[in-house]
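A.B. asks: Mind having a look at this structure? Questions to follow.
The values are calculated or read from the model by the stated rules, or taken from the named source; none is laboratory data. Keep in mind the model is a prediction, meaning the values are calculated, not measured. With ideal geometry, Cβ positions are generated from the backbone for all residues, glycine too; neighbour counts draw on all protein chains shown.
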Amino acid sequence: MKTPDQELWAQTHNRYYGFGGIGALWAFFANYVNFTGRSTRGEYWWFQLWRVVFSILVLGGLLLSAFGSFARFKTGTSPELHGGQITVLIVLIFLLFVLAFGTLIPSLTLGVRRYRDAGIHWSVYAGIQLLLLVAGLAMDIVHGSVSVLLSVSIIALTVVNFVITVLPSKPLPPVSDQEALY
C-alpha cells in the first residue's frame, strides 16, 4: 500500500508538488531537468517571485556600483577605478549571468510542468517560448512598422503565457497500486 506522499508523487511525477516559499526554490532546482509531471500554480509563482527578488538585488547592486563609479569620473575626485570597484562590478555581472543561464533549463522544465498541471499540452508552451525568442531576435534586426507588429505580438504572447500560468490545477488522475513510481 502506498503512503499519501507516494501516491501524490505517482500522480504528479514531482516529489515537491505544491511546495511554496523557500520550498519552491528547492523544488525548482531539485526538478532541474524534470520535463515530466506537474507543478502547481503556487510552485510556479513562488519561484517567479524569488527570481524577481534576486534579479532586483543583483541588478540594483550592479547599477549602484556602476553609477558610483561614473560619479567618481564626473566629479574628478578619482578618475581611475579602484580594484575593489572592478571586483564588485565583475562579481555582480557574473552573478547576473549565473542567474540568467543557471536558471534557463529549470525554468523551461517548470513551465512545461505548469502548463501540464493547467491542462495545456507542453507543446503550446514550447511554441510560445520559441515565438517569443524569434520575435525578440527579429526586433534586433528590423525597425519601423515591422517592429511595432513584433512588439504587439510579444505582448500578446506574454499575456497568453501569463493567463495559462494562473489557471487552476486540473484534478489529479487516479493512480492504481500497480503503477510504478518514477
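A.B. asks: Does Val166 satisfy the criteria of being at pLDDT 95 or above, within 17 Å of the chain's Cα centre (by Cα) and at negative phi?
C.D. replies: no
A.B. asks: Looking at Ser123, Ser151, Ser147 in this structure, which one is touching a residue at least 12 places away in the same chain (Cβ under 8 Å) and either surrounded by 15 or more Cβ atoms within 10 Å (Cβ to Cβ) or part of a helix (DSSP H, G or I) (or both)?
C.D. replies: Ser151
A.B. asks: For Thr3, which of the numbered conditions (1) modelled with pLDDT of 85 or more; (2) within 30 Å of Lys170 (Cβ to Cβ) fails to hold?
C.D. replies: (1)
A.B. asks: Looking only at region 35-58, which residues are under 17 Å from Phe101 (Cα atoms), touching a residue at least 24 places away in the same chain (Cβ under 8 Å) and not β-branched (Val, Ile, Thr)?
C.D. replies: Phe47, Trp50, Arg51, Phe54, Ser55
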